[in-house]
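Structure, as structure tokens:
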Amino acid sequence: MPRIYIETHGCQMNEADSQYIVDRAVDAGYTLAVRPEDANVVVLNTCTVRDKAERRAYGRMHHFKRLKERDPAVRLVVAGCLAEQDRDRMQRVAPHVDAVFGTSELAALGDRLDAWQPEYDDLAALDDETLASDRTLFEPLGGTADCIPGAFSHLRAFVTVQRGCSYYCTFCIVPHVRGRFDHRPLHDILADVRERVVAGAREVMLVGQTVNAWRDAARNADFGDLCRAAASVEGLERLTFISPHPKDFTEKMIAEFAAIEPLNPRIHLPLQSGSDVVLRRMNRKYTRAGFEERVRAIRHFLPNWAITTDIIVGFPGESEEDFEQTLDIVRDGVFANAFTFMYSPRRGTPAARWAAVDKNIVAARFRRLVQLQNDIIQAYHARKIGSVTRCLVVGTSKKDPMKLTAKALDNVTVVGPKPPDYDEERYAREPWLDVEIETAHAWGCTGSIVRRAERFADCGIAVPTPAIDLALAMRA
Ligand code: SF4
């Protein structure tokens with residue numbers, strides 16, 4: 001059986017595309033390799049939203065060249081946004097790449113995997129231990145930057161509801177590489193949600209580049225209707241979505257969310273800038289007043305939801321006064337978290353031709369924004385101290401193998417010591433953790449795991465206290 005390794009960079013759209021590639025590969029008879037060295041086919045699913053992502057993708061292509069030097073039969077495939085944008089250049093600078101598939105050619109990539117499969121039929125018997133188990137094959141990928149499936153990765157699944165974007169923000173490469181809106185029919189999306197739930201997903205994330213612009217014209221359904229329908233899929237415990245556009249949130253839609261119980265209480269509302277002048281140059285299609293109106297509606301109908309955002313610093317033409325207007329909104333403490341970026345020009349976009357703001361000025365503004373926002377994030381996290389928060393396990397902490405990482409419903413990262421009864425399989429079956437929050441940081445919270453539960457609605461069973469805590473308690 002041939003083995004395939006898939007490495008995913010970038011956003012949840014790419015994670016969802018990688019799930020599709022895995023499904024097609026499994027259907028064609030491939031097994032999933034957890035290391036590129038063990039694979040016959042290596043797929044690099046790339047991102048080009050920022051210059052750093054692009055450089056990283058070329059770095060990985062260069063790295064994978066060594067696999068081909070060791071075994072020329074290995075096939076290297078590049079997919080995703082960079083593949084769409086840089087096809088010609090890639091074939092020039094990375095001639096060892098065997099095939100390039102853009103974001104609109106995933107079906108063709110699946111067909112190619114089908115076509116290659118018989119060539120591997122006569123492979124020597126493989127060492128079973130180096131192969132992923134059958135169960136692993138059916139686990140959707142997700143949540144990890146390197147896309148290596150783990151015991152918990154099937155708990156969160158991505159379902160693509162729409163491809164492309166028709167809004168043409170002047171800084172964004174997406175419409176140029178992924179094309180205009182292409183909304184999937186309601187029926188197909190619901191079939192995917194059901195399939196993911198049957199495969200073990202506890203939380204489904206609906207993903208689209210401008211997810212709340214989704215429409216099914218044949219059924220006259222909008223994104224609110226889609227959320228209601230997805231939330232009613234039997235067995236689904238939690239539902240969430242990324243990434244919406246402020247313009248497409250109507251008051252009616254926000255009000256409807258309040259009645260959809262499985263929706264996670266977090267709404268991403270990308271601000272990008274607080275200045276109307278900059279928003280116009282960005283072609284964002286809303287004003288600061290319009291943005292603040294959405295915030296008021298969310299506060300009114302969804303008072304306990306976290307609002308998170310994206311902010312770009314140093315967009316061409318951004319003056320000190322423009323930047324101060326962004327800081328004004330942030331200072332109001334609206335955002336429970338913010339993904340902040342220094343503007344990075346993307347080839348082929350209008351803004352890439354405009355005069356850049358001085359790099360030192362951009363860096364200084366960025367530092368001011370991050371410092372302000374970090375204080376606000378930490379204050380948001382500090383409000384959780386003393387509470388018991390239900391979280392979905394993610395896996396062993398990358399920094400400390402003795403700790404578990406989980407995500408609260410508002411997407412806050414929570415870390416706590418592994419309980420003495422910790423066992424990967426058991427915690428994959430009972431993945432909901434109640435964590436008593438003890439300390440707050442800018443990156444998330446730490447605490448003690450006090451209960452675990454099989455279903456979100458279960459009250460859960462107490463877990464033993466780690467020995468170290470007992471020792472501390474006895475000393476106190
Ligand atoms: S809304 Fe703007 S930033 Fe978002 S994908 Fe579309 S063009 Fe890009």
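None of the figures in this text is laboratory data; all of them are computed from the coordinates on show. Note that the structure is predicted; figures quoted are calculated from it, not measured. Glycine gets a Cβ as well: all are built from the backbone with ideal geometry, and neighbour counts include every protein chain shown.
Couple of notes before you dig in:
- Straight-line cross-link reach from residue 403 at under 18 Å between alpha-carbon atoms covers these lysines, not counting any fewer than eight positions away in the same chain: 418.
- Normalising the average separation of contacting C-alpha pairs (under 8 angstrom, six or more residues apart) by the number of residues puts the relative contact order of the stretch 3-137 at 28 percent.
- Per-pair calculated FRET efficiency, R0 = 25 Å: residue 191 and residue 310 via Cβ, rounded to 0.05: 0.20
- Pairs spanning more than 27 Å between alpha-carbon atoms, out of 52/359; 68/399; 252/285; 52/399: 68/399.
- For residue 204, neighbours were defined as the other residues whose beta-carbon sits under 13 Å from its Cβ, and their charges (Lys and Arg +1, Asp and Glu -1) total -1.
- Cut-off of 10 Å, at most 16 other beta carbons, DSSP loop: longest stretch of the chain lacking such trypsin sites (Lys or Arg not before Pro): 1-179
- Mean separation of Cα pairs under 8 Å and 6 or more residues apart, divided by the residue count, gives the chain a relative contact order of 10 percent.
- For the pair residue 296 and residue 277 in one chain, pulling the backbone fully straight at 0.36 nm per residue adds 4.6 nm over the alpha carbon distance.
- Distance from the stretch 352-374 to the stretch 37-59 (C-alpha centre basis), Å: 27
- Contour excess over end-to-end distance, with Cα ends at residue 388 and residue 87 and 0.36 nm allotted per residue: 103.3 nm
- Here the gap between residue 424 and residue 327, fully extended at 0.36 nm per residue and compared with their Cα-Cα distance, gives a gain of 30.5 nm.
- DSSP loop GluC sites (Glu not before Pro) with at most 15 other Cβ within 10 Å excluded, longest remaining stretch of the chain: 1-233
- Partner lysines for residue 384 [C-alpha distance under 17 Å; skip if fewer than 8 residues away on the same chain]: 407
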